[in-house]
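The values are calculated or read from the model by the stated rules, or taken from the named source; none is laboratory data. Please read all numbers here as calculations on a predicted model, not as lab measurements. Here the Cβ positions follow ideal geometry from the backbone for every residue, glycine too, while neighbour counts run over all protein chains shown.
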Amino acid sequence: MIKESVRLDKFLADAGVGTRSEVKSYINKGRVFVDGEVKKDSSFKININHTEVKVDNKVIEYNQYVYYMLNKPAGVVSATNDNFSKTVVDLVEDSGKSNIFPVGRLDKDTEGLLLLTNDGELAHNLLSPKKHVGKVYYAKVKGVVTAHQIKSFEEGLQLEEDFITLPAKLKILEASDISQVEITIYEGKFHQIKRMFEAVGMEVIYLKRLSMGELTLDNRLAPGEYRRLTEQELNKIRR
Ligand code: URA
């Protein structure tokens, strides 16, 4: 549920005006006006529907939704809470966290691109099997990957009695004792990539998601780091 009232600094940060510390400095410098008056209290409560907030002379529209790109590290679970392990939501320092949740799941030992948001509709669209959003992964696999596996992945693999995978693209980056590959899938069954390799008699020993639809992991983010999506990135995934 989206709250009706939020702190002034959060209001400005959520609207994309700057980071929490940047907007606090704008507030301290007297650049922020609430209903026409300078407001120097960062904790002042703003009613998101009725209060007018300006920075310098510009009216700021509140954005009730937040979108983060996380480079998920291994060892944390893709959930909002967990009794035993740290979750991806715990990694985001956003007081109140705006009820964010991960869009889909990566296994505990998988790294890479994970989107966190409180925008349920966008999450639904990205995950809908009907939309066939392509997800690209980098994997290290025990054994030599050959054209034989490329063909099997292209044809589809039977993972369950009544489930055959959609054609997946497999690109060999290096074929050796530990092969390196890039794989694109258009669905997201539990442990899908690990099970696809298992189905061809091979084992995935490292997995990292590189992209989801048109959203690509920012390679400046170290595992565990995150940042807000840019306006451009948001437009791409809304398409
Ligand atoms: N496939 C897997 O096996 N694991 C993941 O985390 C994602 C895709």
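Assorted remarks:
- Listed here are the strands (runs of 3 or more DSSP E) enclosed by the range 119-200 that have at least 2 residues being modelled with pLDDT of 95 or more and of a type in the set (D, E, K, R): 135-142, 169-174.
- Of the criteria (1) within 15 Å of the ligand (Cβ to nearest atom); (2) closer than 30 Å to residue 12 by Cα; (3) in a loop (DSSP other than H, G, I, E, B), which one residue 220 fails: (1)
- Number of the condition not met by residue 237 [criteria: (1) at pLDDT below 95; (2) farther than 30 Å from residue 13 by Cα]: (2)
- Failed item, numbered, when residue 90 is tested on (1) loosely packed, with under 15 Cβ neighbours inside 10 Å; (2) of a type in the set (D, E, K, R); (3) assigned by TED's automatic domain parsing to the domain that holds residue 225: (1)
Matching residues to (1) touching a residue at least 12 places away in the same chain (Cβ under 8 Å); (2) farther than 23 Å from residue 194 by Cβ; (3) within 16 Å of the ligand (Cβ to nearest atom):
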{"residue": "123", "(1), (2), (3)": "yes, yes, no"}
{"residue": "136", "(1), (2), (3)": "yes, no, yes"}
{"residue": "153", "(1), (2), (3)": "yes, no, yes"}
{"residue": "157", "(1), (2), (3)": "yes, no, yes"}
{"residue": "161", "(1), (2), (3)": "no, no, no"}
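- Considering only residues in the range 21-78 that are crowded, with 16+ Cβ neighbours inside 10 Å and part of a helix (DSSP H, G or I), the one that is nearest to the ligand (Cβ to nearest atom) turns out to be 23.
- Of the set (1) within 13 Å of the ligand (Cβ to nearest atom); (2) outside any strand (DSSP E or B); (3) closer than 30 Å to residue 19 by Cβ, all apply to residue 113 but (2).
- Candidate set: the range 201-217, residues that are part of a loop (DSSP other than H, G, I, E, B) and buried (at least 16 other Cβ atoms within 10 Å of the Cβ); chosen: the one farthest from the chain's Cα centre (by Cα): 202
- Residue selected from the range 121-170 under the condition within 24 Å of the chain's Cα centre (by Cα) and of a type in the set (D, E, K, R), by the criterion surrounded by the fewest Cβ atoms within 10 Å (Cβ to Cβ): 130
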